Amino acid sequence: MRIAILILLCASAMASTQLVSVEMTVEQGVRHWKLSAGLQSDAVAWANYTNALTSTGWTFFHGEVRSTAPLADAAFGLGYAEGFVTQDLIYAAFKNFAATFYQNATAPSMRI
């Protein structure tokens, strides 16, 4: 079984492409996660993110998971990769939300 997910995100950021892998090890029943640049052969998940906003108006996220990985581990690993490569867009969305909904009030704490 092979799982592939394509998500189109529309947001503003500088043009770039990132390819990352997420590896998982288990020591004494505890999962340890490691994110690395590029493709790693023993990864649980891989993500390729391209921001083509200035040329096409879209950003592209493509993720794949190892078919032999337990579904929960694969989903966590892919979510970890997606969060990493889109962190600038997530922060920009938060700032936009705060500016829109806290125009005449004290802004919420920026500590997360």
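Things worth noting here:
- Annotation: amide H-H contacts under 5 Å for W58 (H modelled 1.01 Å from N, sequence separation of 5 or more, or interchain): A52, L53.
- Value of Rg to Rh for region 3-101 (Rh from inverse mean 1/r over Cα pairs, i.e. Kirkwood): 1.04
- Order of D42, D88 under a 10 Å beta carbon neighbour criterion, fewest first: D42, D88
Any read-out appearing in this document is the output of simple, stated calculations on the displayed coordinates, not a laboratory observation. Remember, predicted model here, so these are calculated numbers, not experimental data. Positions of Cβ are backbone-derived with ideal geometry, glycine not excepted, and every protein chain shown enters the neighbour counts.
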